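Peer 1: Dumping the structure here so I can ask a few things about it.
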Amino acid sequence: MTWDGVERRKPIAIGVMCKAPRPGVSKTRLAQTTGADMAARLAGAFIRDVFHTISTAQLLSPIVPFAFYAPANARSEISALVPPTTRLHLQEGTDLGIVMFDALQAMLAVCPAGAVLIGSDIPTLPSEILLQAMSSLRMHGERVVFGPSFDGGYYLIGIKTASAAPLFAPMAWSGPLVMEETRSRARLHGLQQVDVEPWYDVDDAVGLVKLKATLAVTAVDVAPATRAVLASV
């Protein structure tokens, strides 16, 4: 078997950042449009659908799924939303960069071939994008994989080793310059950058409009849990 064939058999870890879907706490910007109860229901559906996407990708390539949950008492809530084979870990730390890097380190300890971390507010993300990210990580050489979002941040990041640590040093994580600053850090530390397709987050009224537009033109197996919640209104 060729080296490439061996690498393709090695699993990649994919982790999802999951907050408990609770009214008044989850998706507070989205709740300004939908109300707190609906925002929480959608947050739970988004988690289900992101793991549905991971399961679809898993049919074509070996994946070890992780859910990084918060707050500390949310384990049972998140466990009920994800496949039983998912490894659950509490989010550790207060700075988002530290939380993300710790999550990636935990995944690399299990899957040294590579780790991908995504948010839970991308219910319509195609499984093909995850497969592209995984394929990039399996290539020779050190690199970081980005999934840029339209708000100046990123919805996906994939790394191969702890050499990516400088990318997660403190910064203004909620600002419009997150992607730009992270790319600058990657260049400074000699990390090759590979991008997958940009995608959108659903965390406010604008994202909700995009979500509904996507669901109107895609197959019914795209974001089925989210479709069910929206159809119940």
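Peer 1: With +1 assigned to the C-beta of every Lys and Arg and -1 to the C-beta of every Asp and Glu, and no other charges, what is the dipole magnitude of the stretch 1-158 about the Cα centre in debye, to the nearest 20? If you can, show how the numbers build up before the last one.
Peer 2: Details: 13 positive and 12 negative charges, 58 e Å.
It comes to approximately 280 debye.
Peer 1: Just to be sure I understand the model, the point goes 7 Å from the Cα along the line to the Cβ. What's the resulting A109 to T33 distance in nm?
Peer 2: The modelled label-to-label distance comes out at 3.9 nm.
Peer 1: Can you tell me the length gained on complete extension of the stretch F150 to A172, counting 0.36 nm per residue apart and subtracting the Cα distance? Walk me through the numbers before you get to the answer.
Peer 2: Details: separation 22, 0.36 × 22 = 7.92 nm, distance 1.67 nm.
Residue separation times 0.36 nm, minus the Cα-Cα distance, leaves 6.2 nm.
Peer 1: Further, regarding this structure: Of C111, C18, how do they rank once you tally other Cβ atoms within 10 Å and put the fewest first?
Peer 2: On the way: C111 19, C18 27.
Ascending number of Cβ neighbours within 10 Å: C111, C18.
Peer 1: Residue by residue, what Karplus-based ³J(HN,Hα) values in Hz, rounded to whole numbers, does the stretch 178-184 have, using 6.51, -1.76 and 1.60 with θ = phi - 60° and x for Gly and Pro?
Peer 2: Each residue of the stretch 178-184 in turn: 4, 5, 4, 5, 5, 4, 4 Hz.
Peer 1: Determine the calculated [θ] at 222 nm for the chain from helices alone, applying -39500 (n - 2.57) to every DSSP H run no shorter than 4 residues and normalising by the residue count; nearest 500 deg cm²/dmol.
Peer 2: Mean residue ellipticity at 222 nm (helix-derived): -13000 deg cm²/dmol.
Peer 1: Which FRET efficiency value, to the nearest 0.05, do you get for V217 and D95 by plugging their Cβ-Cβ distance into 1/(1 + (r/R0)^6) with R0 = 45 Å? Working shown, then result.
Peer 2: Working: r = 39 Å, r/R0 = 0.86.
Once the sixth-power term is evaluated, E becomes 0.70.
Peer 1: On a straight-distance basis, which lysines could pair with K210 in a cross-link, Cα separation under 30 angstrom, same-chain partners fewer than 8 positions away excluded?
Peer 2: K19, K27
Peer 1: So, one more: Give the angle, between 0 and 90 degrees and rounded to the nearest 10, that separates the Cα long axis of helix 205-216 from the longest principal axis of the Cα atoms of the chain.
Peer 2: That helix lies at roughly 90 degrees to the long axis.
Peer 1: Can you put M107, M171, M100 in order of Cβ neighbours within 10 angstrom, beginning with the fewest? Intermediate results must be reported in sequence, preceding the final value.
Peer 2: Details: M107 26, M171 16, M100 21.
Placing the least packed residue first, the sequence is M171, M100, M107.
Peer 1: Using modelled backbone amide H atoms (1.01 Å from N, in-plane), which distant-in-sequence or interchain residues come within less than 5 Å of G15's amide H?
Peer 2: F66, V116, L117, I118
Peer 1: Between R87 and S232, what is the spin-label point distance in nm, taking each point 7 Å from the Cα along the Cα→C-beta axis?
Peer 2: Modelled inter-label distance: 3.2 nm.
Peer 1: Take A165, project a point 7 Å from its Cα along the Cβ direction, then tell me which residues of the stretch 136-152 have their backbone nitrogen under 17 Å from it.
Peer 2: Flagged as within label range: 143.
Peer 1: Restricting to Cα pairs below 8 Å that are 6+ residues apart, what does the relative contact order work out to for the chain? Please round to a whole percent.
Peer 2: On the way: 427 pairs, mean separation 54.1, N = 233.
It rounds to 23 percent for the chain.
Values quoted throughout were computed directly from the atomic coordinates according to the rules given, and no laboratory measurement underlies them. What you see is a predicted model; the values in this text were computed from it and never measured. Here Cβ is always computed from backbone atoms with ideal geometry, including for glycine, and neighbour counts include all displayed protein chains.
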